[in-house]
Every structure is written in structure tokens, then in C-alpha cells.
Amino acid sequence: MTKIYLDLLPALILFSSFILVSNKRIASYIRTFRFQSLLIAVGAGVIGLETGRIDVLLVCLLMVALKVIYIPNLLNSTFANVTYKVEKDFFFNIPILIIACCLLVVFSYLAIPTADGIINVQVANLVSAVLIGLIFMITRKKAFGQIVGFLVIENGLFATAMFATQGLPFIIDLGMFIDLLTAVLVMGVLVFRISDEFDSVDVNRLNNLKG
Amino acid sequence: MGLLLLLIPIIAAPLFFLLKNRQLIYRLSLVVSASLTVISLILTKEVIAASYIQYAVLGGFFYLDSLSIIVLDIITIIGLVASIYSIGYLEEDLGRGKISEDQIRTYYLLMYVFIFTMILAATVKNMGIMWVAIEATTLASVFLVGFYSTKESLEAAWKYLIICSVGIAIAFLGIIFLHLSSLDVLTDAQFLDWVALSEHAKALKTPALRLAFLFIAIGFGTKAGLAPMHTWLPGAHSQAPSPISALLSGVLLNGAMYGIIRTVTIVNKNLNSSQFTGQFLIAIGLLSVGIAAVIILTQKEYKSLLAYSSIEHMGIIALAIGLFTPQAVFGGLFHMINHSFTKSMLFFATGSILHRFGTNKIDKVKGVLKVLPVTGTAFYLGLFAIAGVPPFSIFASELGIIVSIFVDGRFIIGSAFILLLAVIFTGIALNLFKMFYSDGPEPEGEPLKINPAGTVAIMLLLLVIFTTGFYMPEGLRSLIYNAQMIIMGVK
């Protein structure tokens, strides 16, 4: 029975990445991120119950506390101070992005099962989620898009690691959480300083350093 | 004993924030970095005697062998010199009103967290923890890059943070594949333990391992500044305060390279040949040298030029590791040491030039030798050293690598490499020597306060790179030799 859940959840996580790519509003970026984190937390819960490991259940709780509640709220409050609400200009329009993402999924299905059959559909799905996070990151022009992109990549990695290894050792999980939290705080502070100094959070304006 | 390496900086870091007196902060910093250096040198002796050190605490995560002790010694020694040099540098900044006293506290706090994370990365044997530490180095140093809060430095900090975080994230994907390749081979307690991975390398699953290598090489390669993932590096190195540029260039890049080297050892042992990793690393190494060569020829700012030169030297090390012959690996490791010392010395010297002339632009700086006789001379000689002129140590290691390329029978790679090195020498001579020869008016602004400790530190580094050019102490030789054996998988 749990096998079904464990196959379903990566597919849903991949699906949520597609939702993210088609989002235009900053508020919906954050909502999608929250949804995706919740799915991963559920995954950690299922794996924890199945293997009976307390530390994986603890990871599930940490996941809910940090990525479902704390970080999205932090982003929301940071975002409330920034003027723009809707991203108007992308480097590519959304339908093209969706097609590119589909190609990425095909790519990871082709690339990954070559590994002796020990790597399964779950991992292929989650690696595509990581790649889609990368696409999201490079096609958004505002600093916020890059922060959310980073978080989604991190989410994908975390999920890949968890589903592939049936729960990492706790010390590595803990290290990842601490790194992630620091990264988000650092990025938040930096975005503030950038918007003070440049009067904008458009990363295209960051072009003073060339050559 | 070794655990003190991790405890001292992490205990000291908050103290910097609490101390009110500036002089006390400086003294504490000197004491901390000096004790780190002493401990690491004692450990070096132990490693030479016993070939590795491991403690039983926390599942034996603390592990040092000849390879990691080289990286560790570079961290602590350059850290010590940086902390000596920082005092004069920060006083000068403070005197010119560029920073406030509070910022000095932040500076030292972040610098020691940064040093802590780098020491952690070099002293653990678990790839997972090593990854966490390398990611943490980025986070600790971001605000040091953006220290002056100017437009350029904030831009550099943002690029540094975003590009390196994503790069490191990709490396983690590689680490997951590394684990997948070891399923059913290692026990749970040996999770991602590279000593065990390297011991059982033959039994690992090859396809997953290949993927792991590619992801790790791209990921850590981003952090090591290899082209084409190098784009964050010139900005970050040129915008950071000079002592931090020295740490970034002389120490941080090695840490990431160390991660790649560990993986190469495992993969090559598994595949029983170095062709797969070699092709990748040689290509990416030559590309780095090539891109650096082109840009050095046309560079307008001296700190950026030095940053591109770091990309070049990381490329050379990657090339040497890619060749994977004993002589090339030996040369690569020696080159890593030489580059760290030479480049950090140059960055320290640019600190004085930047303060005196107040500009980053090469053509605004004239008559360095007249205005700053001592530092200027050191900078001048250092440029010869970094361009690979004898009798300095970089010449010795570059020569070793070039010879090994030809001994290996790769004539095209060897010729291309020599040509690119010649272009880089021309670029450095063409662009930077103008700073010394042309006579200009005395720059405006007050002359520098004398920073005797900092000048002595620069001179000492110069002496080191000069002597190791033709004389290698027996201890160093056996250390590098043992590290080479570890990389080749003989031990």
C-alpha cells in the first residue's frame, strides 16, 4: 500500500513544479512552494512510518515547521514591502516554458534508468523537478523568482535524497535545514539591500560587473 | 587535539561580536588564527608519522590524511596571514571613513565562521557533511563579498550567492547518486564515507557512479571557479575586501577542488582507468585556462585580472588531476599550494594599492614603485611569480605538469597549454606592468599609515614562494607524495 503513495508523491511533486512554472504572481509562487513542501513532508511521514525511523518523522515535522509554515510566511512578509506584484516580462512565454519542461522530463527519464535499473521512476520524476526548478530560476527576471527557484531546487534535491535513500542520516538532514534557513535569511537581507541601492529588484539591472 | 580546530573558531566567532574594544578584537583574532596554525602544523607532523588521524567521537567523522592536511594547512596559514594583514587594512578603511566600527565586528565574526566552515569541509570523511560545510562557506562569505554595500559589491554578492548555491545544489544531486551506487555495498554506518567508498570502489555500481561524477564535477566545479561556471568569481574576488579576496582565492577554491579530487579517486578506481574523468577534467581545465587567457589580455581592473588568473590556475589543477599520471598529480597538488600562497600575497598587496590610489582601474594607477616602494616591489615580483617565471614556485609546478603532459604523449594538449600560458604572461605583462613604469602625478589623498605587520606578512609569503621554487623541504615532499598515492588509489 505504501508503495502506491511512494510512487504517487514524486509524481505530484513534479506536477507542482509545472504549476510553479505557469505561475505569474509572486503570491502564487509562494503558495505553490508551500504546497510542494507539504507533499514532501507527507512523503517523509510515509517513509518514517514505513521504516519506523524516529528521525525521519522528526524531519517530517521540521519540514512542516520550516518549509510549509515559516519560510513561506517569511517570504510573504518580505514580499509585502516590495512594490511589484505580477511578473510581466519573462525571457520566454509560459507555453514555451511548459514545453521545455516536458522535454526535461523526457530527458531525465532517458538519462536516469540507464543506471542499472537501480534508479527508479521516483528518482526520475524528482530529478526532473530539480531541472524544472533550474528553468524557473533562469527565466524569471526578478530577484524573488530566483529565491523561489532556489527553494524549489532545494526541495527537489531533498525529496530526491529522501526517496532514493529512504531517509538520509539525521545529521545531514539537519545540516541541510540549517543551510537552507541561513540561505533564505541571507537572500532576504540581500534583496533588501539591493532594492535600497538600485531602487529595483530586477536582476537585469545587475550589470555593472562585466568582463 | 584535532577537534580544537573546529571548536576554537566557532567559540571565538561570537566573542568578536561581544568585544567592544577594537584592539582586543585584533588581538583575539591573532591568537585564534595563530593557535589554529600551530595545531594544524602539529597535526601535520602526526599525519606524516602515522599516515592518517581519526577520532572515535561522533561516529569517527573527523578524519585527516595527507591529502586533507595539505588543504587544511593552506587554510590555517593563509588564515593567519589574512588576520595579520586585516588589522592594518581595516584601520585604514576606518580612517578613510569607508566602514564603521560595528562593521569591523561583523567582519571578524563572518571571517571566522568562514574559516570554520572551510576547516570543517577539509576535516570530515563524510561527503554529506562535507557538502553541508561547502554550502555553508558560501553563506558565511556572502556578506564579506558585499561588505562595502556599494552597487558593485551587492551585485557581486548576489551573483555569488545564487550561482554558487545552485552549483552546490547540483553537487548534492551527485552525492545522492554516489550513495545510490554504493547501495548493498556499504553498511549504514559507512554512509557516504569516502574512505569506505574508495576501499570498496571496485564493487560500486558504475552507471550511477558516472552520473555522480558529472554532477559533482559541475557542482563543485562551480564553486572552484572552473569555466564555464566561473561567472561569479571575478566579481566576488574583485569586490571583496582584499584579505577576504585572498581567502576566497587562495583557500576556498581549493576546498571545492578537494571535493572533486576525492570523487575522481573513487570513480577512477571503479572504472580502472582515468579516461572518463580525464576527458572531462582536461576539457574543462583547458577551457578555463583559455577563457582566462582571452580575458586577461583585455582586462581593465587589476583585482579582476587577478581573479581571472585564479580561474586559470584552477584550470591548471583540474588539467593535472585529469591527466592522472603520478607526476601530473604531484604537480597539481604542488601547484595548489603554490597558487594559494602566491595569489593571496598578490591580493594583500592590491589592498595597499587600492587604499593609496583609491581606484580599481589599471590606467588610473601610475608609478606604484615610487609611491609604495616595499609593497610595490612585492607586487611586481609576485606578478612574475603568478605568470610562471623562474625562480618562483609556480614555475616549478607548471613545468612539472607540462613535462608530464608530454611524457604522457598528449602533444596537442601540451602545445595548446603552453601557448595559452604564454598568452597569459603577455596579458599580465601588457596590462599590469604599466602600473609600475609610467610616471604619473602623486595620487591625491593622504599617504598610507604604515602597516609593518602586514608588510612583513607579505614579505614572508614572497620568501616562501621564492624558496619553494628551487628547494622543497623533505616533509613537504613526502606529504605531497603520500597525497598523490591516495589520489592514485594506491593506498
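Read the figures in this text as sums done on the coordinates, not as results from a lab. Values in this document were obtained by computation on a predicted structure and should not be read as measured data. Positions of Cβ are backbone-derived with ideal geometry, glycine not excepted, and every protein chain shown enters the neighbour counts.
Residue-wise, which Karplus ³J(HN,Hα) couplings in Hz belong to the stretch B:122-133, taking 6.51 cos²θ - 1.76 cosθ + 1.60, θ = phi - 60°, and x for glycine or proline?
Couplings: 7, 10, 9, 10, 9, 4, x, 5, 4, 4, 4, 5 Hz.
Quick one: which of B:K98/B:K366; B:K303/B:K364; B:K300/B:K364 span more than 21 angstrom between C-alpha atoms?
Pairs exceeding the cut-off: B:K98/B:K366.
Which chymotrypsin sites (Phe, Trp or Tyr not before Pro) in the stretch A:1-105 sit in a loop by DSSP (not H, G, I, E or B) and have at most 16 other Cβ atoms within 10 Å of their own Cβ?
Passing both the DSSP loop test and the Cβ count: A:Y84, A:F90, A:F91, A:F92.
What whole-number distance in Å separates the alpha-carbon centres of the stretch B:420-491 and the stretch B:188-258?
24 Å
Which of the three applies to the stretch A:151-200, rounded, prolate or oblate, going by the alpha-carbon gyration tensor with a ≥ b ≥ c and a/c under 1.5 meaning rounded?
Since a/c reaches 1.5 but b/c is at least a/b, the shape of the stretch A:151-200 is classed as oblate.
Å³ per residue of the Cα convex hull, for the stretch B:349-429?
93 Å³
Out of all Cα-Cα pairs in the stretch B:39-176, roughly what percent, to the nearest whole number, are more than 22 Å apart?
Here the tail beyond 22 Å accounts for 49 percent of pairs.
Checking the cross-link filter: which lysines have an alpha carbon closer than 28 Å to that of A:K67, excluding same-chain neighbours under 8 positions apart?
Output for A:K67: A:K3, A:K24, A:K85, A:K88, A:K141, A:K142, B:K159, B:K223.
Can you give the translational diffusion coefficient of chain A in µm²/s, computed by Stokes-Einstein from the Kirkwood radius over Cα pairs at 4 °C and 1.567 mPa s? All intermediate terms of the calculation are to be shown ahead of the outcome.
Details: Rh = 17.8 Å.
Translational diffusion coefficient: 73 µm²/s.
Treating each Cα of chain B as an identical point scatterer and ignoring solvent, apply the Debye formula and state log10 I(q)/I(0) at q = 0.06, 0.11, 0.12, 0.13 Å⁻¹.
Those come out to -0.24, -0.85, -1.03, -1.22, one per q.
From Cα pairs below 8 angstrom and at least 6 apart in sequence, can you work out the relative contact order of chain A, rounded to a whole percent?
24 percent
How high is the relative contact order of the stretch B:121-207? Use alpha-carbon pairs under 8 Å, at least six apart in sequence, and give a whole percent.
Result for the stretch B:121-207 is 30 percent.
Taking other Cβ within 10 Å of each residue's Cβ, how do A:D199, B:D408, B:D73 sort, fewest first?
If I rank by nearby Cβ atoms, fewest first, I get A:D199, B:D408, B:D73.
Out of residues 5 or more away from B:Y63 or on other chains, whose amide H comes under 5 Å of its own, with H placed 1.01 Å from N in the peptide plane?
B:V124, B:K125
As a test of the formula, what do you get for chain A when each DSSP H run with n ≥ 4 contributes -39,500 (n - 2.57) and the sum is divided by the residue count, at 222 nm and rounded to the nearest 500 deg cm²/dmol?
-25500 deg cm²/dmol
Calculate how steeply helix A:94-111 sits against the longest principal axis of the alpha-carbon atoms of chain A, using the helix alpha-carbon long axis, and give the answer as 0 to 90 degrees to the nearest 10.
30 degrees
Taking the Cα atoms only, what angle lies between the long axis of helix A:71-80 and the longest principal axis of chain A, rounded to 10 degrees?
Roughly 10 degrees, rounded to the nearest 10.
Per DSSP helix of 4 or more residues, -39500 (n - 2.57); summed, then divided by the residues of chain B. What does that give at 222 nm, rounded to the nearest 500?
When only DSSP H runs of four or more count, the value is -26000 deg cm²/dmol.
Go ahead and run the numbers for FRET between B:T467 and A:I4, Cβ-Cβ distance against an R0 of 45 Å, rounding to 0.05.
That gives a FRET efficiency of 0.10.
Could you pull the Rg and Dmax for the stretch B:388-434, using just the Cα atoms, both in Å?
Radius of gyration, then largest Cα-Cα span, for the stretch B:388-434: 12.1, 39 Å.
Excluding same-chain residues fewer than 8 positions from B:K370, which lysines have a Cα within less than 19 Å of its Cα?
B:K361, B:K434, B:K449
Fewest first, what order do A:S16, A:S77 take by the number of other Cβ atoms within 10 Å?
Fewest to most other Cβ atoms nearby, the residues stand as A:S77, A:S16.
Quick one: what Rg and Dmax do you get for the stretch B:266-419 from the alpha carbons, in Å?
Looking at the stretch B:266-419, its Cα Rg and Dmax stand at 17.3, 58 Å.
Which angle between 0 and 90 degrees, to the nearest 10, do you get for helix B:452-467 versus the longest principal axis of chain B when only C-alpha atoms count?
Taking the Cα atoms of chain B, the angle to B:452-467 is about 50 degrees.
Using only Cα atoms, locate the centre of the stretch A:18-77 and the centre of the stretch B:350-377, then give the distance between them in Å, rounded to an integer.
53 Å
Counting only other chains, what is the mean number of Cβ atoms within 10 angstrom of the Cβ of each residue in peptide B:149-156?
Mean number of neighbouring Cβ atoms from other chains: 5.
Run the Debye formula on the Cα coordinates of the protein assembly as shown, all scatterers equal and no solvent, and tell me log10 I(q)/I(0) at q = 0.06, 0.12 1/Å.
Log10 I(q)/I(0), no solvent term: -0.33, -1.39.
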